[in-house]
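The values are calculated or read from the model by the stated rules, or taken from the named source; none is laboratory data. The structure displayed is predicted, hence computed values, not measured ones. Backbone-built Cβ (ideal geometry, glycine too); neighbour counts: all protein chains shown.
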């Protein structure tokens, strides 16, 4: 079983960017250019390593390998993105790896790419890349190549050695559990559960009971053996359940206009643990958003636009406008879920404007955009 934090450290310590490893300060697959560049690198790494894993480490400075971290990213449908744009798509996973020195809401992203052994190419045009394009790695650069190029296995032994050096052990596991429970979450209710005598899942959150049902907020869930953060949210409510073979979470989102607030189930994720030392994750979007009168939503959308305009101009907000600003992420989200497609671009603008001025509202906006990404992936 590989400790993913050790794997990242080994990649950073012993290798410059090469034909099986790339590093990025951040990626933005929400924008067409960022999505195209990400797909290009995935394609190139898959073609350059037909018989072993390739990796992209996200949240690292290019010059000196300083680990700066990125926001937690929910990857549950990222395979769908790769399947939609790549021919012979590789198997891909995006994992969120916590590092002790990073803030609680920051992680290092680890993308693991496993080729099918066949030439991977773009299925259709995206940004400035044409459908049918094939990419390979030359050193640290992903370059287009002729389609009939031969796939060569050059890195299997080296990658196997790096992964071997990142193997987990009992000491690392116990240290991880103690750090999670006694240091990082000493102010929260914390639990752990061992599955199949191998896997240790830790979770922490603020507990509350509503109608005999237990919910958690400020939730953090980690698979300690692999140092993978499975879930993190400062805002949403989560229910947690488990049996001897699996661990299940259901994420809820609070939505509504004015005082008419309700919790709506968003996504159910089940982690199933196997006797052979492997595990799998399945996610199911169970979201059915509330629907509202379009005339009412037009009024709300225009009011939100007015607030954004004042933020852009640096105009001082009144007390009432600051109260409305706190509701901006939720009301824009409701507009988007009711057919106002332009609400997403306004939310992205709002996120940039809010970050230096209203960090709490900015955090709520990031959560709202995360929900939109989940819905769009499905």
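Table for the structure above
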quantity: Filtered residues of the range 111-125 (kept if under 26 Å from residue 279 (Cβ atoms) and surrounded by fewer than 21 Cβ atoms within 10 Å (Cβ to Cβ)); calculated: 112, 114, 116, 117
quantity: Residue match in the range 263-277 (condition: in contact with a strand residue (DSSP E or B) (Cβ under 7 Å, 6 or more places away or on another chain), under 23 Å from residue 6 (Cα atoms) and either at pLDDT 90 or above or buried (at least 21 other Cβ atoms within 10 Å of the Cβ) (or both)); calculated: yes
quantity: Selection count, the range 7-39, where residues are touching a helix residue (DSSP H, G or I) at 6+ places or on another chain (Cβ under 8 Å), farther than 25 Å from residue 376 by Cα and outside any loop (DSSP other than H, G, I, E, B); calculated: 7
quantity: Residue satisfying all of: in the range 89-100; touching a strand residue (DSSP E or B) at 6+ places or on another chain (Cβ under 7 Å) and without any contact (Cβ under 8 Å) to a residue 60 or more places away in the chain; surrounded by the fewest Cβ atoms within 10 Å (Cβ to Cβ) among these; calculated: 91
quantity: Within the range 47-79, considering residues that are touching a strand residue (DSSP E or B) at 6+ places or on another chain (Cβ under 7 Å) and more than 25 Å from residue 12 (Cβ to Cβ), the one surrounded by the fewest Cβ atoms within 10 Å (Cβ to Cβ); calculated: 79
quantity: Residue in the range 46-56 that is assigned by TED's automatic domain parsing to the domain that holds residue 95 and within 18 Å of the chain's Cα centre (by Cα) present; calculated: yes
quantity: Index of the failed condition, residue 311 passing every other in (1) within 25 Å of residue 259 (Cβ to Cβ); (2) surrounded by 13 or more Cβ atoms within 10 Å (Cβ to Cβ); calculated: (1)
quantity: Test for residue 171: is it out of contact with any strand residue (DSSP E or B) (no Cβ under 9 Å at 6 or more places or on another chain), modelled with pLDDT under 90 and outside any strand (DSSP E or B); calculated: no
quantity: Check on residue 180, surrounded by 16 or more Cβ atoms within 10 Å (Cβ to Cβ), in contact (Cβ under 8 Å) with a residue 40 or more places away in the chain, farther than 15 Å from residue 46 by Cα and not assigned by TED's automatic domain parsing to the domain that holds residue 27; calculated: yes
quantity: Out of 82, 108, 42, sole residue that is outside any helix (DSSP H, G or I), crowded, with 16+ Cβ neighbours inside 10 Å and outside the structural domain of residue 228 (by TED's automatic domain parsing); calculated: 108
quantity: Within the range 236-354, helices (runs of 4 or more DSSP H) holding 2 or more residues that are over 30 Å from residue 220 (Cα atoms) and touching a helix residue (DSSP H, G or I) at 6+ places or on another chain (Cβ under 8 Å); calculated: 294-313
